[in-house]
1. Being outside the structural domain of residue 52 (by TED's automatic domain parsing), part of a helix (DSSP H, G or I), at pLDDT below 95 and over 30 Å from residue 78 (Cβ atoms) is the requirement here; does residue 196 meet it?
2. Given (1) without any contact (Cβ under 8 Å) to a residue 40 or more places away in the chain; (2) under 26 Å from residue 100 (Cα atoms), where does residue 53 come up short, assuming only one miss?
3. Restricting attention to the range 61-85, report how many residues are touching a Cys at 6+ places or on another chain (Cβ under 8 Å) and either outside the structural domain of residue 33 (by TED's automatic domain parsing) or closer than 15 Å to residue 38 by Cβ (or both).
4. I'm trying to understand the selection: among the residues of the range 91-132, which are surrounded by fewer than 19 Cβ atoms within 10 Å (Cβ to Cβ) and part of a loop (DSSP other than H, G, I, E, B)?
5. Of the residues 129, 164, which single one is in contact (Cβ under 8 Å) with a residue 24 or more places away in the chain, of a type in the set (D, E, K, R) and on the phi > 0 side of the Ramachandran plot?
6. Inside the range 81-90, can you point out the residues that are surrounded by fewer than 21 Cβ atoms within 10 Å (Cβ to Cβ) and not aromatic (Phe, Trp, Tyr)?
7. Go over the candidates 45, 135 one by one and state the one that is in contact (Cβ under 8 Å) with a residue 24 or more places away in the chain, closer than 30 Å to residue 201 by Cβ and surrounded by 14 or more Cβ atoms within 10 Å (Cβ to Cβ).
8. Please determine, by comparing only the residues of the range 145-182 that are assigned to a loop (DSSP other than H, G, I, E, B) and at pLDDT below 95, which one is nearest to residue 91 (Cα to Cα).
Amino acid sequence: MLMDAPSKEFVLAGSLEELKIKGRLVVHGAHRPILVIYDRGRVFALDNRCPHMGFPLERGSLEDGILTCHWHHARFDLESGCTFDLWADDVPICAVEVRNGDVWVKTAFTQADPVAHWHQRLANGLAHDLGLIIAKAIHGQLAAGVPQGEIVRQVALFGAQNRDGWSVGLTILTALANLLPVLPEEEAYLALFHGARRVAADCNGEAPRRDRAPLG
């Protein structure tokens, strides 16, 4: 069931009784559809689009608090939105309240500290060599106002600390970083992603750098 929602912080998804009967409802959020689910006596709200490739999660299956997308079978914890399959990314969740027998859902998906959130997501993407996570995290950092140079610094430090020696990824990152001041916004994003992706690939499965004591 898809319900239109007025533009405000919380919108009415439907009655709790209706949700109990149907199991799930979908409402229009500020920028994306929101899936509202009743499971084991609790109400949850999350992005209706699978974070992997956008398949509607309302068509997924639910068991023991785990929602499974029916396209590539990515699994998500209902309460936190965290994925059990790292390649799929976490699904955003939003606040939900039950007021006088009605279910109200917050239409915006926000983080308390976007800069810290996307910094950690980039760290996770680099650590596991996940292109989708790296791409989203760089876009998120740029949207949060993080300078391009800070993103380059984070990736360069990861590359220096997680491979025992310089490799082609850091060379590509350095070359692209030198081009950033003359690149348009969209191409700068692609340059950051390409450099970060190559650094992550170079470090995947490699031994981290270890400090060596001086001679003598």
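The values are calculated or read from the model by the stated rules, or taken from the named source; none is laboratory data. These numbers come from a predicted model, not from an experiment. Because the Cβ atoms are built from the backbone with ideal geometry, glycine has one as well, and the counts that use them run over all protein chains shown.
1. Details: outside the structural domain of residue 52 (by TED's automatic domain parsing): yes; part of a helix (DSSP H, G or I): yes; at pLDDT below 95: no; over 30 Å from residue 78 (Cβ atoms): yes.
No; evaluated as a whole, the condition is false for this residue.
2. Exception for residue 53: condition (2).
3. 0
4. Answer for the range 91-132, where residues must be surrounded by fewer than 19 Cβ atoms within 10 Å (Cβ to Cβ) and part of a loop (DSSP other than H, G, I, E, B): 92, 95, 100, 101, 108, 110, 111, 112, 113, 129.
5. Numbers: 164 fails: on the phi > 0 side of the Ramachandran plot.
After ruling out the rest, the residue left standing is 129.
6. Within the range 81-90, the first condition is being surrounded by fewer than 21 Cβ atoms within 10 Å (Cβ to Cβ), and the residues that meet it are 81-87, 90.
Result: 81, 82, 83, 85, 86, 90.
7. Values: 45 fails: closer than 30 Å to residue 201 by Cβ.
Just a single option satisfies the conditions, and that option is 135.
8. Step one: list which residues in the range 145-182 are assigned to a loop (DSSP other than H, G, I, E, B), which gives 145-147, 162-167.
The next check asks that each one be at pLDDT below 95; those that pass are 162-167.
On the way: 162: 28, 163: 31, 164: 34, 165: 36, 166: 35, 167: 34 Å.
Looking at residues that are assigned to a loop (DSSP other than H, G, I, E, B) and at pLDDT below 95, I get 162.
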